[in-house]
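Let me begin by presenting the structure, written as structure tokens, before commenting on it.
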Amino acid sequence: MSPRRAGAAVLGGAALALALAPAALGASRTLTLEGWVPRALAFSDRNLVWSEAATVRVDPRRTAGSPAGAYPFDYYRAEGFRARLDRRSLRFTAPAQTLVSVRTSIAAMTRGAFAPLPAGGLVMAPYSLRFAAPVVACCTAEGEEIVIESDGRPEALPTVAAAWDGSAVRYVQLTPDGRQVLRRQDAAATAPAAAVTRAGLVALAPDRRAWVDPAAPAVLQVQDDRVAGSTPRAVALPGTALGVWASRGLVVVAVRIGPRVAVLRVGGGPAVRVWSGARVPRVATGGGAVAVADVRRVWASRRGALRLAVRARRPIDAVAVDGRRLAWVERGLRRGARVGVVRLGTTP
Amino acid sequence: MRRALLALAALLVAAVPAAAAPIVALQDDALVNVRGAALTARLDALAATGVRVTRVDVLWREVAPAKPADARNPADPAYDWSRYDEVLRGLAARGITPILDFYRTPEWASRTGDPAAAPRAGDGARFAAAIARRYSGAFPDPLGGTLPRVSRIEVWNEPNLPGFWMPQCRRGAGGRARYVSPRAYAALLAASYREIHAANAGAEVIGGVAGPAGRSPTACPSDGRAAVGSLDFARLVADEGPPIDAWSLHLYPIGGPLQAFFVPSWSTLPRVIRQVDRLRPGAPIHVTETGYHTSYNRFHRYFVSEAQQAAWVDETVTAAAANPRVQAVTWFNFQDNPRWTGGLLRGDGTRKPSYDRFAAAAAANPPPPGWAP
């Protein structure tokens, strides 16, 4: 082949590649977010969605035009975002988009309850010890956010779990004595159930609710919400429950066993240990898979014990899994500023 | 030691700026949406707070659904003033002074049909003339006697925000935003000033009415929907030099009234006042909307607790009093609704803690004689 023909072939191949993969143009393997803040991540169709919460320090020394005598103060934010992914969910194809932005001067919030909705949507319920933060979903067909719960009265109930059940958002609120109130978007509140729990020990999935009563910390209760009037199934745990997570068909529990922490997978049968470590890891479940992130490593699997999936160079603040798809947020530094770097991968 | 302490106390007192008591007002935006017994009940509830000054939105589109043949004449058959006559009679009967603002362009005066479309200055000013003439204190009341007098008219509402005035900007060279709303608004303000004074010589014409926007965007969206910063808006209107009697703006700070320092907030008022002084040195400043939401809604993302809202009613009055140019401050709104949760009353009509604090502030800051209805 003459050099001229070879050059033409290279150019033609490049043109063909561009024509076949227009979506990959400008796609990025990572996404950079501001700050090292607590985040919750999830996949929603061909999107990654997440929520985060942080304290915003307003400093007049860093604000141009601040009047003399101004002094720093704090307010608090909780926000929800979406980033579009490519077909294989290994690249980001667009910058992050802010979907929900909650701001208050009342008190600090944690990221709280979070769940994906179809088509790149999300529902988020930030949590605060001092007040009942709102429950917000995104979005309507017109792209408008939906404020599901925003009761500003001092006696309003805090929301501790939320999920999409296929047609509406369901969420769990807690009375001051820890009793659960299961609610559904646009429906009146039901009477508080006798079941007692606390924030972090209750989780909702599209098809089930799981919780642990702090008075019986080694028993997980799993309620199949597809069957009206059914009684919850009690699952014995090998230690004191530290956290509960749920996705369709699956509940994940972290328990303390002596000096160690174990992560258990609870399907239709007994609890099965899939990971153990020295501390409570970041946990995610989705698409039948479980993932945990402990310091710089991510373990994940779709069945059986978790396998090492990622060795990161920096600590990991959040993880998401959906079957084969995996995402995590690593701490990073850009020009001296703290950033979160979102990366995409696959479940082993 | 005691002398030293007394001297220190005297120094501290001298260091605090002289506090001028602001007029404390309250707006109930539902007043113009109800009639008859429901209106009577709302007016009674408003009066029960002890407030003596309020603000009433005159919706031009509702008053003039069809184009009047003689727009300056409030008796033109195209006008329907009935709901405003009823509101203003009720306020006068209760000793409450109104500040009227007008906005919402009628379809016949709108270039796009949108109520937020900027009106032609002449059309808007002729409507301002009709308001001033009808509520001059000499216009016959259809029910007998004369209609109440209105002494303060705000020209438009938040003309720096796209929800109330469009377009805000055009794309200039290199894609940079060229703000068009300040000049167009200044033309409306100048024309309205002349018309209002011709109809009601003693009326105070209030310009600005700028909504709570901070930074102006550097690029203009293709549809012109952007917000011009409150301070930039004041500067650009001042560049046009329209006449005013007073300036107004709206403050919804992030942070307490005494701690916030983003533009626009109480502590940044001196920067606005420098621009106002270019138009009329020493002109009074009215903060015709301020407040704090007590729950989240998608229209207003920042909120505080009911206890904070109550405490910040007091701080709002303190912040206003610290600036002697501020003459009146209006809390917005009286009662919560799905789009606005900054009320003194919850949606169900029960009182928030702020209600009592506001009532105390209103009682402690009565309007001076010149503000009597």
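The values are calculated or read from the model by the stated rules, or taken from the named source; none is laboratory data. Remember, it's a predicted structure, so these values are computed and weren't measured experimentally. Every residue, glycine as well, gets a Cβ built from its backbone with ideal geometry; the counts of neighbours run over all protein chains shown.
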task = Name every residue in segment B:163-173 that is part of a loop (DSSP other than H, G, I, E, B), surrounded by fewer than 22 Cβ atoms within 10 Å (Cβ to Cβ) and not aromatic (Phe, Trp, Tyr), in order of residue number.
result = B:Gly163, B:Pro167, B:Gly172
task = Would you please name the residue that is nearest to the other protein chains (Cβ to nearest Cβ), looking only at residues in segment A:44-103 that are over 30 Å from B:Ser230 (Cβ atoms), crowded, with 19+ Cβ neighbours inside 10 Å and among the hydroxyl-bearing types (Ser, Thr, Tyr)?
result = A:Ser51
message = If I go through segment B:86-121 residue by residue, how many of them are of a type in the set (Ser, Thr, Tyr), within 16 Å of B:Leu188 (Cβ to Cβ) and assigned to a strand (DSSP E or B)?
response = 1
query = Looking at segment A:141-195, which of its residues are closer than 23 Å to B:Arg339 by Cβ, within 14 Å of another protein chain (Cβ to nearest Cβ) and either touching a residue at least 40 places away in the same chain (Cβ under 8 Å) or not in a loop (DSSP other than H, G, I, E, B) (or both)?
reply = A:Glu145, A:Ile146, A:Val147, A:Ile148, A:Glu149, A:Thr159
Within segment A:120-130, considering residues that are at negative phi and surrounded by fewer than 24 Cβ atoms within 10 Å (Cβ to Cβ), the one nearest to the other protein chains (Cβ to nearest Cβ) = A:Arg130
note = The residue that is surrounded by the fewest Cβ atoms within 10 Å (Cβ to Cβ), considering only those in segment B:341-363 that are within 12 Å of chain A (Cβ to nearest Cβ), under 29 Å from B:Pro270 (Cα atoms) and of a type outside the set (S, T, N, Q), is B:Gly342
message = If a residue must be within 14 Å of chain A (Cβ to nearest Cβ), surrounded by fewer than 24 Cβ atoms within 10 Å (Cβ to Cβ) and farther than 17 Å from B:Thr341 by Cα, how many such residues does segment B:303-324 contain?
response = 3
ask   = In segment B:280-294, which residues are more than 10 Å from chain A (Cβ to nearest Cβ) and crowded, with 22+ Cβ neighbours inside 10 Å?
value = B:Ile285, B:His286, B:Val287, B:Thr288, B:Glu289, B:Thr290, B:Gly291
task = Of the numbered conditions (1) surrounded by fewer than 18 Cβ atoms within 10 Å (Cβ to Cβ); (2) within 14 Å of another protein chain (Cβ to nearest Cβ); (3) under 24 Å from B:Ala177 (Cβ atoms); (4) modelled with pLDDT under 95, B:Pro221 fails exactly one; give the number of that condition.
result = (2)
ask   = Does at least one position in segment B:328-338 carry a residue that is more than 20 Å from B:Glu204 (Cβ to Cβ), part of a loop (DSSP other than H, G, I, E, B) and charged (D, E, K, R)?
value = yes
task = State all residues of segment B:246-256 that are under 18 Å from the mean Cα position of the chain (by Cα) and either within 14 Å of chain A (Cβ to nearest Cβ) or more than 10 Å from B:Val276 (Cα to Cα) (or both); if no residue qualifies, say none.
result = B:Leu249, B:His250, B:Leu251, B:Tyr252, B:Pro253
request  = Answer yes or no: is there a residue in segment A:78-91 that is touching a residue at least 40 places away in the same chain (Cβ under 8 Å) and out of contact with any strand residue (DSSP E or B) (no Cβ under 9 Å at 6 or more places or on another chain).
outcome  = yes
remark   = Within segment B:260-278, residues buried (at least 22 other Cβ atoms within 10 Å of the Cβ) and either facing chain A (nearest Cβ under 10 Å) or hydrophobic (A, V, I, L, M, F, W, C) (or both) come out as B:Ala260, B:Phe261, B:Val263, B:Ser265, B:Trp266, B:Ser267, B:Thr268, B:Leu269, B:Val272, B:Val276
key: Qualifying positions in segment B:24-40 - touching a residue at least 24 places away in the same chain (Cβ under 8 Å), closer than 13 Å to B:Arg83 by Cβ and aliphatic (A, V, I, L, M)   = B:Ala30, B:Leu31, B:Val32, B:Leu39
request  = Only residues that are in contact (Cβ under 8 Å) with a residue 24 or more places away in the chain and part of a loop (DSSP other than H, G, I, E, B): list them for segment A:123-140, please.
outcome  = A:Ser128, A:Arg130, A:Phe131, A:Ala132, A:Ala133, A:Pro134, A:Cys139
key: Number of the condition not met by A:Ala284 [criteria: (1) part of a loop (DSSP other than H, G, I, E, B); (2) crowded, with 21+ Cβ neighbours inside 10 Å]   = (1)
message = Please determine whether any residue of segment A:211-219 is crowded, with 16+ Cβ neighbours inside 10 Å and either polar (S, T, N, Q) or touching a His at 6+ places or on another chain (Cβ under 6 Å) (or both).
response = no
